[in-house]
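As structure tokens, the structure follows; a few thoughts come after it.
What follows draws every value from the coordinates through simple rules; no lab data is involved. Since the structure is predicted, the reported quantities are computational estimates derived from the model, not experimental observations. Every residue, glycine as well, gets a Cβ built from its backbone with ideal geometry; the counts of neighbours run over all protein chains shown.
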Amino acid sequence: MYSLAIYLYMFAANVAALFGNRKARLMMRGHRETWRTLRDKIRPEDRPVWFHAASLGEFEQGRVLMERLRRERPDEKILLTFFSPSGYEVRKDYEGADIVCYLPFDTMLNARKFLHLAHPRMAVFIKYEFWADYLYQCHRHGVPVYSVSSIFRHGQIFFRRWNCGYSVVLKWVTHFFVQNEESRRLLAAKGLTNVTVTGDTRLDRVVQIKEAARPLPLIEKFTADGAPVFIAGSSWPPDEDVYIPYFANKPAWRLIVATHEVNPERTAALRARLEAAGRRVALYSELQADAAAAEGADTLLIDCFGLLSSIYRYATVAYIGGGFGVSIHNVPEAAVYGVPVIFGPVNQKFQEAQVLKACGGAFEIDGADAFAALMDRFEADPAAREQAGRAAGDYIARSSGAACRIYQAIFA
């Protein structure tokens, strides 16, 4: 059943590529290039440490480990693979790895060929990556596999009564470094005791980003008048349905919006929507060309990538997008700066969101009315807003350190 599903997915991806789907086309071309990359760049004696991330978020969770390995063991060769184009296309030139490529579809033939060409001495799979054929081939060839920042829930296929035998893949993992105690208990119920609760390396990464955050003079100038600043990160149209109506009547607030997808059409449509709500909008690219473009503006659209993690430092309140769609984006990236965080109802898969809600550092809203009520409360009671921000920052500070514990266990 598992193999059939993989082959059906392969077929669908090939068809989508033929009909012009950009992501599918990038993926299929990248899979073909993987074999040449491995042949050209890896010798049998290299025995690289192989890190695998599904996409960009998982890459960030593994990045702290890769960079420490590079710093402390510069002779180690590092192979980094991605499944998704949204990860590979952004990080294909990442200098922390010697080789960056796609991981071809999980078939027995591909898994054998990959291990034959890559010659990894160990594999580090990040969070949800449990590819049956790759794990089996690693097990069969004596390549230890470490699952890092993994998290398990009762509803996952491994723990259902009818899992079609898929739970056997867990037995091929050398050691699990899980995010919480519940994950340890679920694995123990399957007879797996090779488990250590270490927490989430994502928190180490956001602390690292905060410490390295560069000053942004254009943002500082935009926020220099002391007005409260609302920052919406990774925003989608359903998120904008929630917060734009509120700020139509709040000229005292500065808005900074960074959309999840950045392209001219999306930026133009959002700019028109904000201006229709009475906001005076400038684009970050306009400020780069002429800083005076921000004069009179109360809303700034970030029409480029790579700034959001540094921009959050200027927030009075932060909003994380995605909670009215598939799921929320990176909550710790904002919380690390000690600001209260707001997001939509689709957040159950993220432990940090649940803990932040419980400690009073984050707030779940189910629509525009709930958002308006919360923001009114923050306006009326600045002390409560500041306390929520402290709760968020304190959680990140006391919960970091997973990367150090994992590194010591695997590489020390």
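Quick look at the values:
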| item | result |
| --- | --- |
| For segment 176-182, 3J(HN,Hα) per residue [Karplus equation, 6.51 cos²θ - 1.76 cosθ + 1.60, θ = phi - 60°, Hz, x = Gly/Pro] | 9, 10, 9, 7, 8, 5, 4 |
| Crossing angle, helix 201-212 versus the chain [Cα axis fit, 0-90 degrees, rounded to tens] | 50 degrees |
| Under the Karplus curve 6.51 cos²θ - 1.76 cosθ + 1.60, θ = phi - 60°, whole-Hz ³J(HN,Hα) for segment 191-198, x wherever Gly or Pro sits | x, 9, 10, 7, 9, 10, 7, 10 |
| Cα long-axis angle, helix 237-247 against the chain (0 to 90 degrees, to the nearest 10) | 20 degrees |
| Proximal charge balance of residue 131 [Cβ under 15 Å; K/R count +1, D/E count -1] | +1 |
| HN-Hα J in Hz across segment 345-360 - Karplus 6.51, -1.76, 1.60, θ = phi - 60°, x for Gly and Pro | x, 8, 9, 5, 7, 10, 4, 4, 5, 5, 5, 5, 4, 5, 8, x |
| Distance histogram in 5 Å bins (all Cα pairs of segment 115-206, percent per bin) | 3, 14, 24, 25, 18, 11, 5, 1 |
| Under-5 Å amide H pairs with residue 150, H placed in peptide plane, nonlocal only | 127, 177, 179 |
| For segment 11-83: rounded, prolate or oblate by the Cα gyration tensor [a/c cutoff 1.5] | oblate |
| Percentage relative contact order, the chain, counting C-alpha pairs under 8 Å, at least six apart | 12 percent |
| Values of log10 I(q)/I(0), in the order q = 0.11, 0.20, 0.22 Å⁻¹, for segment 152-232 under a Debye, Cα-only, solvent-free model | -0.53, -0.94, -1.07 |
| Rg to Rh quotient for segment 311-412, alpha carbon positions, Kirkwood Rh | 1.04 |
| Euclidean distance of C-alpha centroids, segment 356-381 and segment 87-139, integer Å | 42 Å |
| Cross-link pairs beyond the 30 Å C-alpha cut-off, checked among 77/171; 77/349; 41/127; 23/190; 92/210; 190/210 | 77/349; 23/190; 190/210 |
| Helical contribution to [θ] at 222 nm, DSSP H n ≥ 4, -39,500 (n - 2.57), averaged over the chain, rounded to 500 | -14500 deg cm²/dmol |
| Local electrostatic count, residue 232, Cβ distance below 11 Å [Lys/Arg +1, Asp/Glu -1] | -2 |
| Principal-axis tilt of helix 368-380 within the chain, Cα atoms, nearest 10 degrees | 60 degrees |
| Scattering curve values for the chain, log₁₀ I(q)/I(0), Debye with Cα scatterers, q = 0.07, 0.13 Å⁻¹ | -0.37, -1.18 |
| Segment 267-334 - Kirkwood radius from inverse mean 1/r over Cα pairs (Å) | 13.5 Å |
| Gyration tensor verdict on segment 2-197 (Cα atoms; rounded if a/c is under 1.5, prolate if a/b is larger than b/c, oblate otherwise) | oblate |
| Tensor-based shape of segment 205-280 (alpha-carbon gyration tensor, a/c under 1.5 rounded, otherwise prolate or oblate) | oblate |
